[in-house]
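Asks: Structure below; questions to follow.
The values are calculated or read from the model by the stated rules, or taken from the named source; none is laboratory data. Just so it is clear, the structure is predicted and the values come from calculations on it, not from any experiment. So basically every Cβ, Gly included, is an ideal-geometry build from the backbone, and we count neighbours across all protein chains shown.
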Amino acid sequence: MQTGLYCTMLVIYALYIYSMSSDYENLLETRKYAHKLKYALILVNILAWYLSIKYMGPISRVGATYLIILINCIIIYRSSWIYYLYISSLYFTMMYAFRGFFAGLYAVINDVTIIGTLTRSSHYYLFNIMGILVAFLFIRVLRRTFGNRNNMTILFKNKHQMKYLVVYQVLIISYLMFINDGRSLEITFKWFSYLYLFTSAVSIALLYLSLKNVIQMSAQAENERVSTQIMSGLQTKLEFYRSYEEKNEALKKFKHDYIKMIRTVRHLLDTQEYERLEKYLEDMGGALHLSSPEIVQYSNNTLLEAILHDNAERAQSFDIDFNALVSIPDNFALSDMDIVRIFANLIDNAIRACSMYDGERILRITGRKVDSWFRIEVTNTYDGKVAYNESRLKTTKKESEHGYGIVIVEEVVESLGGMMNINPHFQENKFQTAIMIPIVKPNKKLSGTES
């Protein structure tokens with residue numbers, strides 16, 4: 001029986017290390033020969049642990065085990081030491097902590113000492129098997145709960161948090177090994193069994209909490225970085241649209257003055273006052289043309305008008321049939337930044353989706369008062385592919401800062417007491433976003449709306 005437990009322990013240990021060499025392939029670069037060596041490493045790991053158990057004492061065996069795991073990381077992955085130490089420390093600590101937990105629990109329940117428990121070969125093999133299996137399952141649970149690929153990618157990019165996590169892991173290992181060394185001192189007091197059990201349980205809990213907190217902090221830091229970058233981009237857009245708005249207003253004034261000038265010229269021609277006409281044309285400097293560009297009005301809000309005109313030109317470059325008509329109610333308090341955050345993000349997403357569609361590209365934007373609500377609708381054709389991530393639409397853009405646009409729109413709408421509905425029509429290849437925002441009382445100060 002002991003031989004069977006012994007062989008099972010060695011195989012499970014090798015497979016545990018093999019799983020470690022596969023868990024981070026999507027996060028770290030693997031070496032060219034890694035896939036060829038994986039199966040060979042199983043045999044090497046079995047041999048290495050066999051030799052450490054046969055020829056080493058408890059303390060030196062612990063160091064050898066950690067070294068074996070670390071060497072496996074170095075052989076498989078092409079990365080920096082901070083990642084090698086993180087992975088090896090995680091798998092090593094989990095394996096030994098769970099083994100210690102089961103051994104300590106057995107000693108406490110049966111009222112025996114730890115040294116008496118782990119010096120029996122059958123118990124030693126069995127607790128190692130249990131510890132490795134539960135450690136493997138526990139790491140799977142960790143990755144499913146808060147260590148998904150997106151979170152781990154963010155964590156691995158944050159080297160400051162990675163260094164903190166590795167230092168914390170080393171401290172946990174040091175604490176765990178300090179108590180574990182009590183076996184070599186042949187401490188036979190029963191209280192040591194309780195301490196051994198407590199230390200193992202605390203090590204598992206501390207490692208879990210540290211990993212959870214670091215991942216959450218890294219995700220929060222990444223969200224803040226991306227939000228700052230997006231807000232900076234929106235501020236730049238706002239400044240651009242205000243400049244565009246001023247030019248648009250200047251063009252309207254120019255058209256108004258131009259019509260007056262044409263009427264004056266026509267009057268001078270009708271009255272045959274050619275000398276005055278010549279002088280008048282000289283004063284004009286010959287700068288006027290005989291025709292005026294047609295100005296399409298999309299909105300009664302000058303800032304939104306600038307946004308829509310700018311995106312109409314973008315849509316035209318992608319052969320998108322663009323049409324918009326947005327009338328913001330006079331008594332609706334919507335700030336300039338909110339206008340940019342809502343419409344710039346919605347239109348940007350719609351144009352991008354349209355540009356990837358091979359069929360007829362159509363983009364329609366409407367905004368009007370419906371009872372006591374301001375309703376916005378953005379409808380565009382798209383390729384019919386929609387991805388979801390945690391009940392939210394998942395971006396098709398590769399850059400990390402993208403995909404937050406729809407989240408920003410949701411936050412703005414919710415802050416205004418409104419609601420947003422996203423409705424993809426798969427059969428018609430149309431994607432519709434509808435927003436309803438309650439109209440505030442008329443005595444509120446308006447921002448960014450023409451009177």
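Asks: Kindly evaluate residue 39 against the criterion of being modelled with pLDDT of 80 or more, outside any loop (DSSP other than H, G, I, E, B) and within 29 Å of residue 121 (Cα to Cα).
Replies: no
Asks: Kindly list the number of the only condition in (1) on the phi < 0 side of the Ramachandran plot; (2) modelled with pLDDT under 65 that fails for residue 390.
Replies: Failing condition for residue 390: (1).
Asks: Pairs needed: first member in region 404-416, under 14 Å from residue 434 (Cα atoms) and without any contact (Cβ under 8 Å) to a residue 12 or more places away in the chain; second member anywhere, of a type in the set (A, V, I, L, M) and not in a helix (DSSP H, G or I); C-beta distance under 6 Å; at least 6 residues apart or different chains.
Replies: Every condition considered, the pairs that remain are 410/420.
Asks: Let me ask something additional. Any residue at all in region 96-118 that's within 30 Å of residue 36 (Cα to Cα), at pLDDT below 90 and either touching a Lys or Arg at 6+ places or on another chain (Cβ under 6 Å) or of a type outside the set (Asp, Glu) (or both)? Step through it out loud before you land on a result.
Replies: Just the residues of region 96-118 that are within 30 Å of residue 36 (Cα to Cα), to begin with: 96.
With the extra rule that they be at pLDDT below 90, the set shrinks to 96.
Okay, now just the ones that are also either touching a Lys or Arg at 6+ places or on another chain (Cβ under 6 Å) or of a type outside the set (Asp, Glu) (or both), so 96.
There is at least one residue in region 96-118 that is within 30 Å of residue 36 (Cα to Cα), at pLDDT below 90 and either touching a Lys or Arg at 6+ places or on another chain (Cβ under 6 Å) or of a type outside the set (Asp, Glu) (or both).
Asks: Related question: Restricting to region 98-136, name every residue that is of a type in the set (Lys, Arg) and touching a Phe, Trp or Tyr at 6+ places or on another chain (Cβ under 9 Å).
Replies: Scanning region 98-136 gives a single hit, 99.
Asks: So residue 270 passes all but one of these: (1) within 30 Å of residue 354 (Cα to Cα); (2) exposed (fewer than 10 other Cβ atoms within 10 Å of the Cβ); (3) modelled with pLDDT of 70 or more. Which condition number does it fail?
Replies: The number of the failed condition is (1).
Conditions (1) of a type outside the set (Lys, Arg); (2) within 17 Å of residue 89 (Cα to Cα), marked per residue:
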position	(1), (2)
3	yes, no
8	yes, no
11	yes, no
17	yes, yes
20	yes, yes
25	yes, no
28	yes, yes
32	no, no
41	yes, no
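Asks: So which of 106, 84, 96, 124 is on the phi < 0 side of the Ramachandran plot, touching a residue at least 40 places away in the same chain (Cβ under 8 Å), aromatic (Phe, Trp, Tyr) and assigned by TED's automatic domain parsing to the domain that holds residue 162? Walk me through how you get there before you give the answer.
Replies: Working: 106 fails: touching a residue at least 40 places away in the same chain (Cβ under 8 Å); 84 fails: touching a residue at least 40 places away in the same chain (Cβ under 8 Å); 124 fails: touching a residue at least 40 places away in the same chain (Cβ under 8 Å).
One residue alone meets the criteria, 96.
Asks: Inspect all residues belonging to region 376-386 and state whether any of them is modelled with pLDDT under 85, in contact with a strand residue (DSSP E or B) (Cβ under 6 Å, 6 or more places away or on another chain), not polar (S, T, N, Q) and not in a strand (DSSP E or B).
Replies: yes
Asks: Name the one entry in 70, 85, 105, 90 that is buried (at least 16 other Cβ atoms within 10 Å of the Cβ) and more than 22 Å from residue 18 (Cβ to Cβ).
Replies: Going through 70, 85, 105, 90 in turn, just one is buried (at least 16 other Cβ atoms within 10 Å of the Cβ) and more than 22 Å from residue 18 (Cβ to Cβ): 105.
Asks: Additional query: Residues in region 127-144 that are within 27 Å of the chain's Cα centre (by Cα) and touching a residue at least 24 places away in the same chain (Cβ under 8 Å): how many?
Replies: Selection size over region 127-144: 5.
Asks: Hey, another quick one. Tell me, yes or no, whether region 15-33 has at least one residue that is surrounded by fewer than 17 Cβ atoms within 10 Å (Cβ to Cβ), of a type in the set (D, E, K, R), within 24 Å of residue 160 (Cα to Cα) and at pLDDT below 85.
Replies: yes
Asks: Quickly run through region 113-158 and pick out the residues that are among the polar types (S, T, N, Q) and either under 21 Å from residue 7 (Cβ atoms) or touching a strand residue (DSSP E or B) at 6+ places or on another chain (Cβ under 7 Å) (or both).
Replies: Across region 113-158, the qualifying residues are 119, 121, 122, 128.
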